[in-house]
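In what follows, a structure is listed as structure tokens, so that the remarks can point back to it.
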Amino acid sequence: MHFAFTEEQAMIAETVKQFFTENATSLRTRAAMATDGIDRALWASFCAELGLAGIGIAEELGGAGLGMVELAIVAEAAGGQVAALPLLGHAMAARAIAAGGSAAQQGDWLSKLLSGEAIAVCEGSHSLTCTDGKLSGTMDCVPHGGIADLFVIVAPGQAWLVRADAPGLSVTSHVTMDQTRPLATLQFDGVAADALADPAAALAVVPQTGWIVTAAEALGVAQASLDLTVGYAKERVQFGRAIGSFQAYKHRLADMMIEIEQARSAVYWAACAVDEGAEEAAIALHSAKSFAADTAFMCAGNMIQLHGGIGFTWEHDAHLYFKRARALQSMLGHGDWHREQVATMILGAAA
Amino acid sequence: MKLGFSPEEELFRAECADWLQGQMAGEFKDIKGITTLTAKAERRKEWEQQLAAHKWSCIGWPSQWGGRDATLAQQVIFAEEYARAGVPGRVNHIGIELAGPTILTFGTEQQKARFLPGIAAGQTIFCQGFSEPGAGSDLASVRTKGRLEDGEWVVNGQKIWTSLAHISDWIFVVTRTEEGSKGPKGLSFLMMDVKQPGIEIRGIKQINGDAEFNETFFTDARCPADSLIGAVGDGWKIAMGLLAFERGVSTLGQQMAFRNELDAIIAAAKANGQASNPLIRQRIAKAEIGLRLMRYGALRMLSNTDHSKIDGAALTYKIQWATWRRSLGELAMDVLGQAGEVAEGSEYEWGMLPNLFLFSRSDTIYGGTNQIQRNLIAERGLGMPREPRGDL
């Protein structure tokens, strides 16, 4: 038992933090927001230079090995800069293919995804129908759906690969509140789908991967919201004092830190529990997703309030964090839903 | 990062569990499950001695002083198994967790030899004399005076909220030994025998009807000159060092007690139908998540070996658990409804959950109120300017 980063993990954390701080700048993120919500150059160097797109993918499949703790470290750093990257969909899709794809499916896609040559997005559906290997129906709110080359679609007991350019598939991107991760609607009209060889294996890794990435991103958002506000509290002067000297202000900062420390425990507990195959992995994942997303929202909301008027402007980055936090709350199960899963574990199903 | 325990550690867990459960099923059956601080104090002193006889009383201490040099993982395991077996809290927890480590860190070899064996053996029960009527949140405003006279320290003044004083043998006291000094300067840390004519103890009845806390009056109370820990004027430094020990492994045992309280709420909700109320389900889930996060926060804090940086998990731990537990008390009453307001017997005495509701109002006050905790977090953790001092 040692619940702290190993030296290697600490090194990864330092490397990715530096990478995102230097490269995922506000300027570049805003440029991506004005177009399709992805900083392609950033994703290319993330994949090619850092080689971190293969975290959580076995080395024999061309991945970087490592596990959910390392994936969480990366996602936390990306969230800290609200980077406009397809990391969430990529991690879920690549792990689904690694876990449930045939050798051919893995060969077709994994090296392309890990090198950044192709971008995949993964989404669950309860409404698509599959007849003779062809998919029909609609999928709403697919994050980064507009820029994907490949969709990995998981449904109860089934999973498919669908190319974005497949005949019969139309993709409509929407103006989305969080412009760093625009949502798209996918319309399937008899689209040829390549069924994953082992859908159960894919389904086993998709939710855990998605919850860890979103929870860790949320942790990064929360911590950055606090850090930026602390910086402002020291420099902004009113009534002849730094505003951080007012107790009403200090106490809100303290409340942010109290939640963040718990969110940090939650995220790395969940990541570790998954890596170690611990029995409590399920409760850890529900705890992490719900707690971290709510913490991100609380902290980003406080960031706006504690910055006063400037925090409400488009110019300031506060709204980037605020909108990302809100999106994270709704994504992959709202907090209430996750808490209900916990309640079911300890109280039994609701009557 | 690793959460699992090694096979050797799991063996150690089995050894702890066997012994503790054996004791609670056998010779010490009568104290199993006690949750208040002071009930059956005499039997619990015997339990301290039983722990010592089997070298379980202070496993984290060096073996030279009655410990086992236990690793962090072993201490975690013992604390968890201790609470899991339903063993009541240690009546000498102040001796084992605060006085002992303070003497180990700041005491002379002579002082170690004088105090540690008695603490380890469960013979010397300690209490803590910090707060005063005029020095609560503002602990540095201590006014109790100590002066050296004919090779003895002579102490006059009053301490308050001295929990367990009425069953203790010794008290450590922060006294003002420099005439006219103010704030953290001029304070010294003394070890005093409680059972002497110059010390008088009066219980304070609390909102739950119980009296675990006391007022302690010092009227020319005395102790030998070598009862001073550290140097004259080091009192504040030592008191602050001691408060850091308070966030040690024992917090994990405390969490197991919280586990029992939450389990009682879950059982009550299942029994009276509140388990189907969606709002109650959300709150129980939140409480469950909060408790789990407390455990992992404590493990992070205990695993941290880099003391050069501020440890956020440690700094936020007190307010986190205190606020969690106060909410748990409110949840308990919402689950119980009006039934929770009726005592079981004819006395003003409360079962576990109503007592939790009442007692937990103190959790966000003692050991630094939530407001003081927020100041500390903002100032030490986030570098915000310190609160200005008034001159009243």
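The values are calculated or read from the model by the stated rules, or taken from the named source; none is laboratory data. In this text the structure is predicted, and so the values were computed from the model without any measurement. Here the Cβ is made from the backbone with ideal geometry for all residues, glycine too, and neighbour counts use every protein chain on show. Heavy atoms of the whole protein, side chains included, go into the accessibility calculation; ligands, DNA and RNA do not. Shrake-Rupley method; radii C 1.70, N 1.55, O 1.52, S 1.80 Å.
Okay, here's what the table says:
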{"item": "Residues located in the stretch B:25-70, provided they are open to solvent by 70 Å² or more (accessible area, probe 1.4 Å) and not in a helix (DSSP H, G or I)", "result": "B:Glu27, B:Lys32, B:Thr35, B:Lys40, B:His54, B:Lys55, B:Arg68, B:Asp69"}
{"item": "Meets criteria (surrounded by fewer than 16 Cβ atoms within 10 Å (Cβ to Cβ), farther than 19 Å from A:Cys47 by Cβ and either at pLDDT 95 or above or not hydroxyl-bearing (Ser, Thr, Tyr) (or both)) for A:Ala104", "result": "yes"}
{"item": "Single match in A:Asp317, A:Asp336, A:Asp275 (criterion: under 18 Å from A:Trp211 (Cα atoms), in contact with a helix residue (DSSP H, G or I) (Cβ under 6 Å, 6 or more places away or on another chain) and among the acidic types (Asp, Glu))", "result": "A:Asp275"}
{"item": "Residue check, A:Thr295 of a type in the set (Ser, Thr, Tyr), without any contact (Cβ under 8 Å) to a residue 40 or more places away in the chain and either surrounded by 24 or more Cβ atoms within 10 Å (Cβ to Cβ) or within 13 Å of chain B (Cβ to nearest Cβ) (or both)", "result": "no"}
{"item": "Meets criteria (under 18 Å from the mean Cα position of the chain (by Cα), polar (S, T, N, Q) and under 24 Å from B:Ala113 (Cβ atoms)) for B:Ser57", "result": "yes"}
{"item": "The stretch A:227-250 - residue that is more than 10 Å from chain B (Cβ to nearest Cβ) and not in a helix (DSSP H, G or I) and, of those, nearest to A:Gly80 (Cα to Cα)", "result": "A:Arg236"}
{"item": "Residue count for the stretch A:48-66, restricted to those that are free of Cβ contacts under 8 Å to residues at least 40 places away in the same chain and within 16 Å of A:Gly101 (Cα to Cα)", "result": "2"}
{"item": "Cβ-Cβ under 7 Å pairs, at least 6 apart or on other chains, the stretch B:259-283 side at the interface with chain A (Cβ under 8 Å from one of its Cβ atoms) and within 15 Å of A:Ala343 (Cβ to Cβ), far side outside any helix (DSSP H, G or I) and open to solvent by 60 Å² or more (accessible area, probe 1.4 Å)", "result": "B:Ser276/A:Ala351"}
{"item": "Pairs, first without any contact (Cβ under 8 Å) to a residue 60 or more places away in the chain in the stretch B:305-321, second of a type in the set (Lys, Arg), C-beta under 8 Å, six or more apart", "result": "B:Ala313/A:Arg264; B:Ala313/B:Arg300; B:Ile319/B:Arg374"}
{"item": "Any hit, the stretch A:260-267, residues being at pLDDT 95 or above, away from every other protein chain (no Cβ under 13 Å), over 16 Å from A:Val69 (Cβ atoms) and more than 15 Å from the chain's Cα centre (by Cα)", "result": "no"}
{"item": "Residue count for the stretch A:1-50, restricted to those that are open to solvent by 20 Å² or more (accessible area, probe 1.4 Å) and β-branched (Val, Ile, Thr)", "result": "6"}
{"item": "Residue in the stretch B:249-262 that is open to solvent by 60 Å² or more (accessible area, probe 1.4 Å) and closer than 30 Å to B:Asp334 by Cα present", "result": "yes"}
{"item": "Segments classed as strands (runs of 3 or more DSSP E), wholly inside the stretch B:163-249, with at least 3 members that are within 21 Å of B:Ser362 (Cβ to Cβ) and not charged (D, E, K, R)", "result": "B:199-204, B:213-224"}
{"item": "Residues being open to solvent by 30 Å² or more (accessible area, probe 1.4 Å), under 25 Å from A:Ala254 (Cβ atoms) and not in a helix (DSSP H, G or I) - total across the stretch B:334-361", "result": "1"}
{"item": "Single residue of B:Leu293, B:Leu243 found to be under 22 Å from A:Glu261 (Cβ atoms), of a type in the set (A, V, I, L, M) and within 14 Å of another protein chain (Cβ to nearest Cβ)", "result": "B:Leu293"}
{"item": "Any hit, the stretch A:237-244, residues being more than 28 Å from B:Lys318 (Cα to Cα), touching a helix residue (DSSP H, G or I) at 6+ places or on another chain (Cβ under 9 Å) and open to solvent by less than 10 Å² (accessible area, probe 1.4 Å)", "result": "no"}
{"item": "Residue that is part of a strand (DSSP E or B) and open to solvent by 50 Å² or more (accessible area, probe 1.4 Å), where the choices are A:Cys122, A:Cys141", "result": "A:Cys141"}
{"item": "Identity of the residue in the stretch B:363-392, open to solvent by less than 30 Å² (accessible area, probe 1.4 Å) and part of a loop (DSSP other than H, G, I, E, B), that ends up farthest from the other protein chains (Cβ to nearest Cβ)", "result": "B:Asp363"}
{"item": "Set B:Ala99, B:Ala53, B:Ala140: member being hydrophobic (A, V, I, L, M, F, W, C), more than 14 Å from every other protein chain (Cβ to nearest Cβ) and out of contact with any helix residue (DSSP H, G or I) (no Cβ under 9 Å at 6 or more places or on another chain)", "result": "B:Ala53"}
{"item": "Search result, residues across the stretch A:55-77 that are open to solvent by 20 Å² or more (accessible area, probe 1.4 Å) and either under 23 Å from A:Gly107 (Cα atoms) or aromatic (Phe, Trp, Tyr) (or both)", "result": "A:Ala58, A:Glu59, A:Glu60, A:Leu61, A:Gly62, A:Ala64, A:Leu66"}
{"item": "Which listed residue, of A:Ala254, A:Ala288, is open to solvent by less than 10 Å² (accessible area, probe 1.4 Å), in contact with a helix residue (DSSP H, G or I) (Cβ under 6 Å, 6 or more places away or on another chain), within 8 Å of another protein chain (Cβ to nearest Cβ) and in a helix (DSSP H, G or I)", "result": "A:Ala254"}
{"item": "Within the stretch B:296-316, considering residues that are among the β-branched types (Val, Ile, Thr) and open to solvent by 50 Å² or more (accessible area, probe 1.4 Å), the one farthest from the other protein chains (Cβ to nearest Cβ)", "result": "B:Ile310"}
{"item": "Yes/no for A:His90 being touching a Pro at 6+ places or on another chain (Cβ under 6 Å) and within 16 Å of A:Leu332 (Cα to Cα)", "result": "no"}
{"item": "Hey, B:Phe106 away from every other protein chain (no Cβ under 14 Å), at negative phi and open to solvent by 20 Å² or more (accessible area, probe 1.4 Å) or not", "result": "yes"}
{"item": "Test for A:Val274: is it within 14 Å of chain B (Cβ to nearest Cβ), of a type in the set (A, V, I, L, M) and surrounded by fewer than 19 Cβ atoms within 10 Å (Cβ to Cβ)", "result": "no"}
